[in-house]
Amino acid sequence: MVLALATSAFAQSSDDDEWVSVDSPRPASESEKSGSYDGTNDSEFANDEEYASAYARYKTQTTSRSEISKQRSEGFSQSVFLGARLQGGFNTFLGSKSDGWGAGWNVGGGLIIKISMFTKNFSIVPELTFNYRQYNYEKDMNDLYTNKARINIMLFELPIMFRYTFDQYDFFAAAGLHLGLKLMGSAEYGSEPKAGVIADKENSGLKSTTEIATTNMEVGFAIEGGYMLTRNVHLNLRIVQSFTNLLNHGLTVKQPFDEATLLTFYTNVGIAFLF
C-alpha cells in the first residue's frame, strides 16, 4: 500500500521520461516569465502595435489620475482666492446729445475675490475698486469761440463678474453687473476764443461750476476677456457700458447738458495678483 501511494504521487511527462510530482508547481517557461509588457523594446510585445497602443493608453490614464490627485493635494482646487487689481484705460459718453464728448481717461485699483462655483472652470469674481475718471467736452459754436467742459469723478465700483476659465489655453471670459457709487465729483465749463479773436482772458477758459451735476449711482453691464500669465497673475481687458445717466437732471441747468443723456462707456486694461 505504501508503494501504491508513492507511485500515485508521481506522473510521467508525455514529452520525456522525467518524472514530476503532481503536487509540485510546474516550473515557469521562459516565455511565461517574459509574458508581461513593460513598455521597452526588449519585450517580446514591443512589435505588437495593438498591445503597445493599449499599454500607452493605460500609462496615460494612470499618469492623468496621478496628476489630478497631486494637484488636489497641492491645493489646485482651492475655492477662494483673494488679491489686488490695478487698472487704467479710456472712457467717453454715449447717449442722446452726447456729441462733443471726446475721449477721457480712468485709473483705479482695489480688491478682487475669486470664488469657484460648481466646478473649477466656473467662478464668481466680485471686486471692490476705487476708480477715478475724467471726461472732456469740446464743441465749436461758431467761428469765434469753442465751448469746453470737464467732469472729474471718483467712484467706488463693485463689478460682479461670472467667469469661465479655459484651462487648456490659459484664457478666461466673463460677464456681469457693474455698479458705481460716487464718492466725489466736480465739473468745469468755459469758452475759449479761437485763434485771432480778441477776448477777455479773465472770462475765458475752464472754470469750476455747479451747473453741471453728476448722479450718485451708476449701473451698467461689463464683459471681459483675459489671460493667465501664471496661476496667480492675470491680465484682462474689460468693456463697461452704463445704463444710467451720469448727469443729475434735477441739478444740471447748464445748456445744452440739461437735456443730455450721458451713458458712460469705457474700456480698461487690468492686472490682478491672487493669493
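The values are calculated or read from the model by the stated rules, or taken from the named source; none is laboratory data. None of these values were measured; they are calculated from a predicted model. Cβ sites come from the backbone with ideal geometry, for glycine too, and all protein chains shown count toward neighbours. Keep in mind that these areas ignore ligands, DNA and RNA; they rest on the heavy atoms of the full protein, side chains included. Shrake-Rupley method; radii C 1.70, N 1.55, O 1.52, S 1.80 Å.
Once all protein chains are placed together, E192 keeps about 70 Å² accessible to a 1.4 angstrom probe. Under Stokes-Einstein, with the Kirkwood radius over Cα pairs standing in for Rh, what whole-number D in µm²/s applies to segment 210-275 at 10 °C and 1.306 mPa s? Roughly 113 µm²/s, to the nearest whole number. Using bins of 10 Å that start at zero, the share of Cα-Cα pairs per bin across segment 131-197 amounts to 17, 25, 21, 19, 12, 6, 0, in whole %. Going down the table (K97/K194; K97/K148; K139/K194), which pairs top 21 Å between alpha carbons? Beyond 21 Å between Cα atoms: K97/K194.
Projecting label points 7 angstrom from Cα along Cα→Cβ for T230 and Y169 puts them 2.5 nm apart.
Think of segment 202-261 as a dipole: +1 on every Lys or Arg Cβ, -1 on every Asp or Glu Cβ, centred on the Cα centre; then among T261, V240, T230, T230 lies furthest on the positive end. Rounded to the nearest 20, the size of the Cβ-charge dipole of segment 134-275 about its Cα centre is 280 debye, with Lys and Arg at +1 and Asp and Glu at -1. Between E138 and L179, the modelled labels are 3.7 nm apart [label points 7 Å from Cα along Cα→Cβ].
Computed over the alpha carbons of segment 138-262, Rg followed by Dmax gives 20.5, 66 Å. Ranking I113, I212 from most to least accessible surface, computed with a 1.4 Å probe over the protein chains only, gives I113, I212. Between Q255 and F130, the FRET efficiency from the beta-carbon distance, with R0 = 25 Å, is close to 0.15. Accessible area per residue was computed with a 1.4 Å probe on protein heavy atoms; Y189 scores about 40 Å². Spacing of the modelled spin labels on S53 and D99, each 7 Å from Cα toward Cβ, amounts to 6.9 nm.
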